[in-house]
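The values are calculated or read from the model by the stated rules, or taken from the named source; none is laboratory data. Treat the numbers as computed from the prediction; the structure is a model and nothing was measured. All Cβ positions, even for glycine, are placed from backbone atoms using ideal geometry, and neighbour counts span all protein chains on display. Calculation scope for accessible area: heavy atoms of the full protein, side chains included, ligands and nucleic acids excluded. Shrake-Rupley method; radii C 1.70, N 1.55, O 1.52, S 1.80 Å.
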Amino acid sequence: MDRAPIDKAYDPAQVEPPWVARWQESRAFAPVPSTNGLPPYVVLLPPPNVTGVLHMGHVLANTLQDVFVRYARMQGRETVWWPGTDHAGIATQKVVEKNLRQEGIDPAALGREAFVERCWEWKAKSHAHIVQQMQRLGWSLDWDREYFTLDERMSRAVVEVFIRLHAKGLIYKGAYITNWCPACRTAISDEEVEHVEQQGKIWTLRYPFADGSGFVRVATTRPETILGDVAVAIHPEDPRASELVGRMLRLPILGREIPVIADTYVDPAFGTGMVKITPAHDPNDFHVGKRHGLESPVVIDPAGVMNALAGPFAGLDRFKARARVVERLEADGLLEKVEAHTLAIGRHDRCETVIEPYLSQQWFVRMKPLAEPAVRAAEDGRVTFYPERWRNVYLHWTRNIQDWCISRQLWWGHRIPVYECVACQHAVAAHAAPPQCEKCGDARLQQDESVLDTWFSSWLCPFSPMGWPEETADLNRFHPTTLLVTGYEIIFFWVARMIMASLEFMGDVPFSQVLLNGIVRDAKGRKLSKSLGNSPDPLDLIANCGADAVRFSTVMLSPPGQDTYFDAKNVETGQHFANKIWNAARLVLTSASTHGFVAELGLEGDAPVTPPAAGAEGLAALWAESFGRPLPAGIETDLRLEDRWILHRYTEAVTTMRRNLDSLRANDAASDLYHFFWDEYCAWYLESIKPRLQSADRATARSAHAVAFVLLSSATKLLAPLMPFLAEELWSRIPGTAGLVITSRFPREIAALRDAASVDRFALMIEAASAIRTVRSERNVPPGKKAPALVQKDTRSGAGLSVEETELLKLHAKLESVEPTAVRPDNAISLLVRDLQIYLPLGGLVDLGAERDRLQRELDKAERDLAALDGKLAKPGFVDKAPAAVVDGERARRVDLADRCDRLRSEIADIAGKGP
RNA sequence: GGGCGAAUAGCUCAGUUGGACAGAGCGCUCGCCUCACACGCGAGAGGUCACAGGUUCGACCCCUGUUUCGCCCACCA
């Protein structure tokens, strides 16, 4: 058959892009009901934020998913990998605001409707880019099922969930202290606050008694909140308490009178043992204030600016106000001291603005009742975590869960589906605005202005895209899903909440396995971020090295659950590997077609004949598995040592690769393939058969081509989950294959290919050839020069080298000839490789004195080892207590070692006899 | 203040159940454009497995403690 000549260097830029379209056209990523009884394999893509481009963290997590998904698909399971994108409330809103300001437009002046319109425009643009990236990376997502967390379908589910939880009393509204971001001007949840330790100050202040009889001392890290103080608290068991509690103080600056109260919240040992209470601006003080029925004056406005209640400081930014308050206190003689103090400042994780604890009306979800079933699901193993330690992190959080603040003062998001009557304030949660108030009949109803936390839509992802609350076919078939792969940083935000939501609304867990991958950091260990400029655009990397290289490298270099240090240089690993595979294929394919073996092996014609013949063993079974046609007769009897060896190594590689993929260790699976293909198939096998490929002996050439060919095809299938583009390209070029490799069957272990004896003999050839190469290199024998070698029959077993072995040794060690010998020749270097005594008569290159010294050093070492081993074997504890297999192994080793010593001694004696 | 993780070659990391000699990639040194591949081939140097104890016939691996780094959680003003 005519095929385009194969380029010498693999060029992913040429090869990869067309496959994206071809896979789409053939609908290769759509689920196909399985015929083998295996359950569906469903993975939910963690929907990337629609705010920007994908970064290396996505590349890692999502490529891992793609590997498992493709592996499942290749096992004939009905497989769906469900794509979607997230509207990312705050993040998107901020980007759009920024863009508007750059255009000179004030977002606030634009108005809600127009602003949201701009968000949708941005979303459309960004979404297109992200989808392009995902497709370019070869991710096998089922695009027909794509959703967006703000689309109609999701919205129905969100509102339904809100209504149901509200009806159950699990959603409530109230005036509480929340984490407020003055820059974003919205409440956020506890999880969105990052605590960063930093050096600050602590001020000790004097609060005079109202009657002028002295003062008490309080310590604070936030002097500006003094303006909102309503009391000073002391621990009830503090000795000073009986005297102080109930007395009135005069609040500095403002002059209001405030009481001293007793509360166990105060730690008598810290600071002055007395705490100023500012209920509206401190979460603890808020609770103290509630307990004591105190007022909660708000003195800071939503933008972080002091308001009218702050008296002389009104209009000042909170930090400026702090400095001015301190100045004023000092002037009034009320500042006792200032000390350095380390404190954990809460910052908004999106913008790093210091969080202001702030009293406002917000909506909350009561989490305890939802969390309890979620705790049990992890405890009893219905959900398992990999690596396991993340289970503890999950459990700790779910067991100590706090209510979830779900309302956000933003425009971009799901509007809270609550309608309040303007006349009587009666509020209802509903899918749409009711025509009139159900209580007073007034027609003026107003929808709550806030939107819901983005996670309030994404926690439904395991079922809302499937059509819930309707009972759709997808929902029945694909929920619960199989595996979730995501970063450990969103265990609380997302993983835990999905488990809660699925248990509450579906009555089942959302997935049974959670694989947590680490964070991708740069070479210096910093998180990748746009602001640091250390986040390479995956598309740039792909342009340079190819998507497969990026995929393979990130997977191979990322152990599960551990952070990865990413360096663009790492991508070379995959790039070089791809090139290696390409060239190995070039060798095999070119040779086969040049020498006419494509036809001779029955690989012409595109249609495979039949399913593999039942009962076929070894190579025949492998052949049938790959090509769906019978192995030509006679080949199996023509197999040589290297064939039997590589077939054994191959089936071992399949076994370990499958085991690693089954246990979600994609990095190890990638490594397995890398080493099998590079170090064994290329370095030893292909090198071994090169003479046979062009041999005039048709039979030996045919068997070499057959084995090289079938392993190339099988390795291509092993490669398919990791490097789908290259695999597909090769598959299309390998005669005898049919269809797409990505929908072919992943190879299975073939026990009949195991051949321990051949493995042992071939390993000996590797050792011998390596030893000879080392000597050649040490003695500077020119690489091209062929030298003779003499091999003494093994004195113990009496075995010499077979013809096959002799050929292999000649080839790999660049030997002119390998002849048996009984005696030590003159001027030869001797090598003792296991039982083989090899002499290299290198003539003038041999310095007998040096040779004797070298052998003596080897002997010394062998004797040392022997003595150590004897010591070990002589210990009664070892022989008695160690497993028999270990003891036997050590005894066998002792025999070998003793034999080696004998041989070395006799070599040294020989040289001494012949020496100068 | 609690919890978790890491510490192995110059760098980044493997080492799954304790069983001889400690593994990879990159980097480095030497030699090679050998007719698949210089994105390559062959060879080599390089490690007190953080430290100190312990358990064991035997420890990179298990236990205890210490040190250093990182992360998470937590209402000490």
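List of remarks:
- Considering (1) open to solvent by less than 10 Å² (accessible area, probe 1.4 Å); (2) of a type in the set (A, V, I, L, M); (3) within 26 Å of A:ALA909 (Cα to Cα); (4) in a helix (DSSP H, G or I), the lone condition that A:ILE838 does not fulfil carries the number (4).
- Filtering the range A:201-220 to residues that are in contact with a Leu (Cβ under 6 Å, 6 or more places away or on another chain) and closer than 11 Å to A:GLY271 by Cβ leaves A:LEU205, A:VAL218.
- Among the residues listed as A:GLY605, A:GLY618, the single one being open to solvent by 10 Å² or more (accessible area, probe 1.4 Å) and away from RNA strand B (no atom under 16 Å from the Cβ): A:GLY605
- Residues in the range A:488-502 that are open to solvent by less than 10 Å² (accessible area, probe 1.4 Å) and either part of a loop (DSSP other than H, G, I, E, B) or not hydrophobic (A, V, I, L, M, F, W, C) (or both): A:ARG497, A:SER502.
- For the range A:663-705, the tally of residues that are touching an Asp or Glu at 6+ places or on another chain (Cβ under 7 Å), more than 13 Å from RNA strand B (Cβ to nearest atom) and of a type in the set (Gly, Ala, Ser) stands at 2.
Residues are listed down the side, and each one gets a yes or a no for (1) at pLDDT below 90; (2) hydroxyl-bearing (Ser, Thr, Tyr):
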residue	(1), (2)
A:ALA187	no, no
A:GLN198	yes, no
A:TYR207	no, yes
A:GLU224	no, no
A:ASP229	no, no
A:ARG240	yes, no
A:GLY246	yes, no
A:ARG250	no, no
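- Complete set of residues in the range A:43-75 that are open to solvent by 10 Å² or more (accessible area, probe 1.4 Å) and out of contact with any Pro (no Cβ under 9 Å at 6 or more places or on another chain): A:PRO46, A:ASN49, A:THR51, A:GLY52, A:GLY57, A:GLN75
- Candidates are the residues of the range A:204-245 that are under 48 Å from the mean Cα position of the chain (by Cα) and either within 9 Å of RNA strand B (Cβ to nearest atom) or farther than 21 Å from A:ARG256 by Cα (or both); the one that is surrounded by the fewest Cβ atoms within 10 Å (Cβ to Cβ) is A:THR221.
- Close pairs (9 angstrom Cβ cut-off, 6 or more residues apart or separate chains): open to solvent by less than 80 Å² (accessible area, probe 1.4 Å) and in a helix (DSSP H, G or I) in the range A:886-905, modelled with pLDDT of 85 or more and near RNA strand B (Cβ under 8 Å from one of its atoms) anywhere: none
- Candidate set from the range A:16-56 (those that are aromatic (Phe, Trp, Tyr) and not in a loop (DSSP other than H, G, I, E, B)); member that is farthest from RNA strand B (Cβ to nearest atom): A:TRP23
- Cβ-Cβ under 9 Å pairs, at least 6 apart or on other chains, the range A:674-703 side closer than 23 Å to A:ALA633 by Cβ, far side outside any helix (DSSP H, G or I) and among the polar types (S, T, N, Q): A:ALA701/A:GLN694; A:ALA701/A:SER695
- Residues within the range A:385-400 that are exposed (fewer than 14 other Cβ atoms within 10 Å of the Cβ) and either modelled with pLDDT under 85 or of a type in the set (S, T, N, Q) (or both), tallied: 4
- Filter result for A:ALA727 (away from RNA strand B (no atom under 15 Å from the Cβ), part of a helix (DSSP H, G or I) and without any contact (Cβ under 8 Å) to a residue 12 or more places away in the chain): no
- Odd one out for A:PRO279 among (1) within 10 Å of RNA strand B (Cβ to nearest atom); (2) in contact (Cβ under 8 Å) with a residue 24 or more places away in the chain; (3) under 45 Å from the mean Cα position of the chain (by Cα); (4) open to solvent by less than 30 Å² (accessible area, probe 1.4 Å): (1)
- Only one of the numbered conditions (1) within 16 Å of RNA strand B (Cβ to nearest atom); (2) open to solvent by less than 10 Å² (accessible area, probe 1.4 Å) is violated by A:ALA13, and that is (2).
- For the range A:115-139, taking the residues that are buried (at least 21 other Cβ atoms within 10 Å of the Cβ) and over 26 Å from A:LYS94 (Cβ atoms), the one that is modelled with the highest pLDDT is identified as A:TRP139.
- Restricting A:GLU379, A:GLU372, A:GLU339 to those that are within 13 Å of RNA strand B (Cβ to nearest atom), over 24 Å from A:GLY304 (Cα atoms) and among the charged types (D, E, K, R) reduces the list to A:GLU339.
One line per residue, one yes/no per condition, for (1) without any contact (Cβ under 8 Å) to a residue 60 or more places away in the chain; (2) in contact with a Gly (Cβ under 8 Å, 6 or more places away or on another chain):
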site	(1), (2)
A:GLN199	no, no
A:ARG206	no, yes
A:GLU224	no, no
A:LEU227	no, yes
A:GLU237	yes, no
A:ALA241	yes, no
A:GLY246	yes, no
A:GLU257	yes, no
A:MET274	yes, no
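- Residue match in the range A:77-91 (condition: open to solvent by 20 Å² or more (accessible area, probe 1.4 Å), in contact (Cβ under 8 Å) with a residue 12 or more places away in the chain and aromatic (Phe, Trp, Tyr)): no
- From A:ALA219, A:ALA269, A:ALA183, residue being under 17 Å from A:HIS341 (Cα atoms) and in a loop (DSSP other than H, G, I, E, B): A:ALA269
- Filter result for A:HIS195 (within 16 Å of RNA strand B (Cβ to nearest atom), open to solvent by 10 Å² or more (accessible area, probe 1.4 Å) and under 30 Å from A:LYS290 (Cα atoms)): yes
- Taken over the range A:414-429, the criterion of being open to solvent by less than 20 Å² (accessible area, probe 1.4 Å), in contact (Cβ under 8 Å) with a residue 60 or more places away in the chain and not β-branched (Val, Ile, Thr) is satisfied by A:HIS414, A:PRO417.
- Of all residues in the range A:257-266 being surrounded by fewer than 17 Cβ atoms within 10 Å (Cβ to Cβ) and assigned to a loop (DSSP other than H, G, I, E, B), the one that is farthest from RNA strand B (Cβ to nearest atom): A:THR264
- In the set (1) more than 16 Å from RNA strand B (Cβ to nearest atom); (2) open to solvent by 20 Å² or more (accessible area, probe 1.4 Å); (3) in contact (Cβ under 8 Å) with a residue 12 or more places away in the chain, the condition left unmet by A:PRO357 is number (1).
- Filter result for the condition that a residue is part of a helix (DSSP H, G or I) and modelled with pLDDT under 90, over A:ARG692, A:ARG659: A:ARG659
- Taken over the range A:141-158, the criterion of being surrounded by fewer than 21 Cβ atoms within 10 Å (Cβ to Cβ) and either of a type in the set (Gly, Ala, Ser) or closer than 21 Å to A:ALA433 by Cα (or both) is satisfied by A:ASP151, A:GLU152, A:ARG153, A:SER155, A:ARG156.
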